1. With respect to Asp164, determine if the residue is more than 25 Å from Asn29 (Cβ to Cβ) and either in contact with a Pro (Cβ under 8 Å, 6 or more places away or on another chain) or part of a helix (DSSP H, G or I) (or both).
2. Return a yes/no flag: does the range 104-117 have any residue that is among the β-branched types (Val, Ile, Thr) and out of contact with any strand residue (DSSP E or B) (no Cβ under 7 Å at 6 or more places or on another chain).
3. Under 7 Å by Cβ, and 6 or more places apart or on different chains, what pairs join a residue from the range 85-103 that is closer than 11 Å to Gly59 by Cβ and touching a residue at least 60 places away in the same chain (Cβ under 8 Å) with one that is assigned to a helix (DSSP H, G or I) and small (Gly, Ala, Ser)?
4. If a residue must be over 16 Å from the mean Cα position of the chain (by Cα) and touching a residue at least 24 places away in the same chain (Cβ under 8 Å), how many such residues does the range 131-166 contain?
5. Check the range 29-45 and report whether any residue there is closer than 30 Å to Gly148 by Cβ and in contact with a Ser or Thr (Cβ under 7 Å, 6 or more places away or on another chain).
6. Quick one: would you say Met99 is touching a helix residue (DSSP H, G or I) at 6+ places or on another chain (Cβ under 9 Å), within 23 Å of Phe161 (Cα to Cα) and crowded, with 21+ Cβ neighbours inside 10 Å?
7. Which residues, taken from the range 19-33, are outside any loop (DSSP other than H, G, I, E, B) and surrounded by 15 or more Cβ atoms within 10 Å (Cβ to Cβ)?
Amino acid sequence: MLNGISIRRCTRDELGIVMSINEKTLPENYPQFFYESIIERFPESFLVAEDLQTNQIVGYVMFRIERNLESGLKFIKKGHLVSIAVLKEYQGRKIGENMLIEGMKQVKNYGIDFYVLEVRLSNTIAISLYKKLKFIIEKTIPEYYRDGEDAYYMTLKVSNFEPDGI
């Protein structure tokens, strides 16, 4: 718990609230079935932050697991950070950082080899957080977002994740 904020698993009943937070805070929005598929398949790594004084959901983080065939015909399991958001009035209180770390701990239990994510080049606050957690920029993906902005593709080996060293 962090300053009256609890981080816990999201429930199916809270998906509407999560979608509302997404729509208020991020330019990328997903259809309801997308959230449902993630909570269905990867419930341990779909978390919300709740303000215990108001019982209000103020943020969420969700990961999915992907399997990719890498060179050498070896399957690599990746914990893909799909989306993370915190309501504007709650930003700057390390809620996002704590949700991300907790989500990373949970998704690790799925036996992944790497954490991966995409982030807008203009999102310097998020990039700083990812670098603080030791993510590295693998490449730039041109015009990744619907509005044409490029994204960094960032990765972190699970063995390099040190949540206590932050």
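The values are calculated or read from the model by the stated rules, or taken from the named source; none is laboratory data. On a predicted model such as this, the values are computed, not experimentally measured, just so you know. Here the Cβ positions follow ideal geometry from the backbone for every residue, glycine too, while neighbour counts run over all protein chains shown.
1. Working: more than 25 Å from Asn29 (Cβ to Cβ): yes; either in contact with a Pro (Cβ under 8 Å, 6 or more places away or on another chain) or part of a helix (DSSP H, G or I) (or both): yes.
The answer is yes for Asp164.
2. Of all residues in the range 104-117, those among the β-branched types (Val, Ile, Thr) come to 107, 112, 116.
Add one more test, that the residue is out of contact with any strand residue (DSSP E or B) (no Cβ under 7 Å at 6 or more places or on another chain), and what stays is none.
There is no residue in the range 104-117 that is among the β-branched types (Val, Ile, Thr) and out of contact with any strand residue (DSSP E or B) (no Cβ under 7 Å at 6 or more places or on another chain).
3. From residues that are closer than 11 Å to Gly59 by Cβ and touching a residue at least 60 places away in the same chain (Cβ under 8 Å), the pairs are Val86/Gly96.
4. 9
5. No, the range 29-45 contains no residue that is closer than 30 Å to Gly148 by Cβ and in contact with a Ser or Thr (Cβ under 7 Å, 6 or more places away or on another chain).
6. Numbers: touching a helix residue (DSSP H, G or I) at 6+ places or on another chain (Cβ under 9 Å): no; within 23 Å of Phe161 (Cα to Cα): yes; crowded, with 21+ Cβ neighbours inside 10 Å: yes.
Answer is no for this residue.
7. Narrowing the range 19-33 to residues outside any loop (DSSP other than H, G, I, E, B): 19-25, 32-33.
Scanning the range 19-33 gives Met19, Ile21, Asn22, Thr25.
For (1) of a type in the set (Val, Ile, Thr); (2) in contact with a Phe, Trp or Tyr (Cβ under 8 Å, 6 or more places away or on another chain); (3) under 19 Å from Asn68 (Cα atoms); (4) at pLDDT below 95, each residue gets a yes or a no:
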| site | (1), (2), (3), (4) |
| --- | --- |
| Leu100 | no, no, no, no |
| Tyr115 | no, yes, yes, no |
| Glu118 | no, yes, yes, no |
| Ile125 | yes, no, no, yes |
| Tyr130 | no, no, no, no |
| Ile137 | yes, yes, yes, no |
